[in-house]
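Structure first, commentary second.
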Amino acid sequence: MAEPGTPLQGAPTPSAASEDVLRVEHIGKRFGPVTALKDVNLHLKKGEVLGLLGDNGAGKSTLIKILCGFQKPDTGRMFLRGEPYEPKSVDDARAKGIETVYQDLALIDELSVFHNLFLRKERVHKPLPLLANRQMKREARTALDEIGINIPRIDVAVARLSGGQRQAIAVARTVNSDADIILLDEPLAAMGAKEGAMILDLVARLKEEGRVSIIMILHNYVHVLEACDRVSMIQDGAIALDKPTAETSVEELTDIVVNEYKRARMANHEDTAPAT
Amino acid sequence: MASVTQGSPSPSPASGGGGLVSTDAKPSPARQVLERLVSLREGSIIVVAIVVAVYFAINTSSFLTGENFKTLLPYFAPLAILGAGEVFVMILGEIDLSIAAMYLFAPIVFFKLDSAGLGLVPSVLLALIACMAVGVVNGAFVSIVGVSSFVTTLGMLFTFEGLSLIIAKGQPNPTPGAQVHQTTVQVHHIVNGHNIVLPEKVNHIGTFAKIFGGGVYSELIWAIVIVLALQVVLTFTRWGLYTVAIGSNKIGAAEAGVKVKLVTIRNFVLCALTAGLVGIFEAVRSQTIQPDPSGPNEILLLAIAGAVIGGTLLSGGSGTVVGALIGALFLGILKDGLILQGVQANYLLFYTGLAIVVAMTANVYVGRARRGSGSG
């Protein structure tokens, strides 16, 4: 393990545990010969915004996919509001209040904005199985207004929107649901500064409301310190650091990564050099 | 059904149909109609079909007659029904080549079951269920095993065409329930005030045959009902929405919780069902069950051509059932018109091929205009 601190390697303290909405203990996941996650411990408090950091391939996206029910962990336990949590599918996780916005943007290009917002939650004219498009348009407009996203037309295909607008709609889709835990997988990827600011504003507004708890994968340390209450860093499939953002700095975060990089290089040398 | 009229005016969930909403200047009504037409996914093929129809109406006196309409029907009604099922598979980004085999297989199963004494309607239903089972296999291979749909259905095409030949032992058979009965009736004539009774022969076909393709307009009615019903399913139900979603972004749809395997299998079942149904209609109409794959294979390719020129993308994510009907109508008008014009039989395929390329080119340009015009 990297030197600059592994303050939270075991379970969280009992006082903290009581207010956790989501707690993850000793999660491991392998894909054939590749170990994506070794031993991950993570907790999320109500109304908290947790930043998840880590290099490419460190296991962030795998962790998110396990949390949202898309993949199953090989080992470990998860707790949702104190109850054991074993999602059988994305639908199951969603029914339990966990929604995800994916890195690869699960928006459907050919569908309109409002159909995307309501995908798998469509309103229909009961008892007929026909889509209630007007109702969905109206509700979509209200939902977007409420969280302050300005999309001029909601009946156009999302293919015609900008990256920022698409991301905003993807976030809105989760907020629009009854989710109380939202997972954002690199919400600022491939986005201009202005559009990124729009998404961070949105996250800030959600934090103010305090209704939802958010785990957000980010790459930019400045964004993490700006938008998150706490930061967890994954290295080599385990949590290497877990601190409130107020107690850490860009320098400390950078140091951890640099040290890890040096250690990995050393390890590589040891592996290959004495081979003769 | 109220939602059909109050919902989005466009026939596709993706197109939104709001092309007219934002125009603040008032264009002439003709221009509005044109813009509206262009904003439709089927717009270009409607224009092309009308142009071709007008051309033949001007150039041949017999084109615009009721009699000719009747000869036109068998060209396009089967293609429209086949296309309707195929569109559901094509929007997924897949293709079903095995429809030609279902077209051949269903009537042969129907004949065998009827010969075994099951009765007409139960035999038809079981034959169609057999086709649907093949659809399940197609869908399962594509969505669960992960074999490409082209390869899967190509294999099933040969397998079931071969199986049809084996079952029929290569022999044509009379279609059960479709035979024409001639009866002699005494008709009263009044000639010069005298009542004269003369015998006359009258052809009868049974109710079963009238319903299942034997009646003059039977296939047309089936085609219209099936196309409209499936268009409603595509545009106004979750099934249709998920079909478009999978074709547009399969992973995204799965991550959102759409049951990709279920929808894929269901669409292949639907496609196989429509193909089996058309096979039975055509067998009843022609009164014989020919175990010859060449006809079905040509119809397969024409049905796909009709769907594609009707505005359905081979790459998936977009398509319309009504478009496939109009595409089929276009192919029908073309063939019928060329024959009426006295074009040599040897030239028919050649002209059909050129027309498909021209219609597709028109589609591409109109599609660009549509995307540029600001309507989704």
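Overview of results
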quantity	calculated
Stretchable slack from B:Ile144 to B:Lys70, in nm (0.36 nm times residue separation minus alpha-carbon distance)	22.2 nm
Simple Cβ-charge dipole of region A:48-165, Lys/Arg +1 and Asp/Glu -1, about Cα centre, in debye nearest 20	420 debye
Distance violations [Cα-Cα > 27 Å] among A:Lys46/A:Lys137; A:Lys45/B:Lys261; A:Lys29/B:Lys259; A:Lys45/A:Lys88; A:Lys29/A:Lys207	A:Lys46/A:Lys137; A:Lys45/B:Lys261; A:Lys29/A:Lys207
Which of B:Val48, B:Val87, B:Val284 has the fewest Cβ neighbours within 10 Å, and the rest in rising order	B:Val48, B:Val284, B:Val87
The protein assembly as shown - Debye-derived log10 I(q)/I(0), Cα point model, q = 0.05, 0.06 Å⁻¹	-0.33, -0.46
log10 of Debye I(q)/I(0), alpha-carbon scatterers only, for region A:139-242 at 0.24 Å⁻¹	-1.46
5 angstrom amide H check on A:Gln235, placed H, neighbours 5+ away	A:Ala240
Amide H contacts under 5 Å for A:Val101, placed H, 5+ residues apart	A:Leu183, A:Leu184, A:Asp185
Value at 222 nm in deg cm²/dmol, rounded to 500, when DSSP H runs of n ≥ 4 in the protein assembly as shown each add -39,500 (n - 2.57)	-17000 deg cm²/dmol
Overall dimensions of chain B by Cα: Rg and Dmax, Å	22.8, 84
Dimensionless Rg over Rh [chain A; C-alpha; Kirkwood]	1.01
Segment B:Leu301-B:Ile167, extension gain: residue separation times 0.36 nm, minus the distance between their alpha carbons	45.8 nm
Percentage relative contact order, chain B, counting C-alpha pairs under 8 Å, at least six apart	34 percent
Percent of Cα-Cα distances greater than 23 Å, calculated over region A:188-276	39 percent
Pairs of Cα atoms farther than 15 Å apart, region B:204-309, %	72 percent
Whole-Å distance, taken between Cα centres, linking region A:55-120 and region B:199-258	36 Å
Using distinct alpha-carbon pairs, which all enter the 1/r mean, Kirkwood radius of region B:254-305 in Å	13.2 Å
Positive dipole terminus of chain B, leading residue within B:Gly311, B:Val258, B:Val109 (C-beta point charges)	B:Val258
Dipole magnitude (debye, nearest 20) for chain B, charges at Cβ of Lys, Arg, Asp, Glu	620 debye
Gyration tensor (Cα) of region A:98-174, equivalent ellipsoid semi-axes in angstrom	20, 14, 12
Fraction in percent of alpha-carbon pairs per bin - 10 Å, region B:76-119	25, 39, 25, 11, 0
Partner lysines for B:Lys169 [C-alpha distance under 24 Å; skip if fewer than 8 residues away on the same chain]	B:Lys112
Virtual spin-label span in nm between B:Ser115 and A:Thr254, 7 Å along Cα→Cβ	8.4 nm
Dipole magnitude of chain A about its Cα centre (Cβ charges: Lys, Arg +1; Asp, Glu -1), debye to nearest 20	1120 debye
Equivalent ellipsoid semi-axes - Cα gyration tensor, region B:294-350, angstrom	24, 13, 8
Region A:165-231-region A:20-45 distance, computed between alpha-carbon centres (Å)	22 Å
Fluctuation leader among B:Gly83, B:Gly213, B:Gly170 - chain B, Gaussian network, Cα springs under 10 angstrom	B:Gly170
Amide proton proximity set for A:Val21, modelled H, under 5 Å, gap of 5+	A:Leu44, A:Lys45, A:Lys46
Principal semi-axes in Å for region A:51-104 [√(5λ), Cα gyration tensor, largest first]	19, 13, 10
Positive minus negative residues near B:Thr153 (Lys, Arg vs Asp, Glu; Cβ under 13 Å)	-4
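Where a number appears in this text, it was derived from the coordinates with a stated rule and is not lab data. Keep in mind it's a predicted model, so treat the numbers as computed, not measured. When we count neighbours, we look across all protein chains shown, and the Cβ atoms used for this are built from the backbone with ideal geometry, even at glycine.
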